[in-house]
Amino acid sequence: MAGTGPVPKSRKARRNADAIPQTLLRWEHAEAPELPDFRVERDGQLVEFVWPERTREWWQMWIDSPQAEHFGTSDWQYLLDTALIHARLWRGELSAAGELRLRVAAFGATPADRARLRMVFAEADGADQGRGSSGGPSARERYGAATLRSLPGGRAATAEE
């Protein structure tokens, strides 16, 4: 009887091209700048800006981070502006926290950020030689070529049993 089953899936291939073509950029290595000395206006006077010690440590953390080897000039400039937001936060301006979080997420600050950006640590991947994070033998090494089969009651047994 015609028309009583599910409608067959279409075999059409995706035909819509990417709206914006990809732009290929040449890679540019850029050295991290130092946190600059500058003056800010306070009570009508220009005074020397003092970076909080916590912001200086934060800046050095970014310089030493694995991500830093991939930062270009514009990345460092954006991160330098982000350092000012970090300084505001550590001076007690808690409203800066949201903007700071958004900005550092773009650089892979947390494990979740790195996962979203599809960043992995090459040394960690190669260090375990494919044995997983525990460093113990893999399932293939533990069970070899043994095949699993289902037994009554839901228990699995190997071919050797």
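The values are calculated or read from the model by the stated rules, or taken from the named source; none is laboratory data. Since the model is a prediction, treat every value here as computed from it, not as a measurement. Note that each Cβ is placed from the backbone with ideal geometry, even for glycine, and that neighbours are counted across all protein chains shown. Surface accessibility is based on the protein's heavy atoms, side chains included, excluding ligands, DNA and RNA. Shrake-Rupley method; radii C 1.70, N 1.55, O 1.52, S 1.80 Å.
Observations on the structure shown:
- Apportionment of accessible area to carbon and sulfur, the stretch 68-126, percent (1.4 Å): 59 percent
- Cβ-Cβ FRET estimate between residue 106 and residue 37, R0 fixed at 25 Å, reported to 0.05: 0.40
- For the stretch 104-120, 3J(HN,Hα) computed residue by residue from phi via the Karplus equation (6.51, -1.76, 1.60; θ = phi - 60°) reads 6, 4, 5, 9, x, 5, 10, x, 5, 4, 5, 5, 4, 7, 6, 9, 9 Hz, glycine and proline entered as x.
- Stretch gain in nm, segment residue 99-residue 45, where the contour uses 0.36 nm per residue and the Cα spacing is subtracted: 16.7 nm
- Per residue, the stretch 4-115 exposes an accessible area of 77 Å² to a 1.4 Å probe, with every protein chain left in place.
- Computed packing ranks the peptides 41-50, 27-36 as 27-36, 41-50, most packed first, by mean other Cβ atoms within 10 Å.
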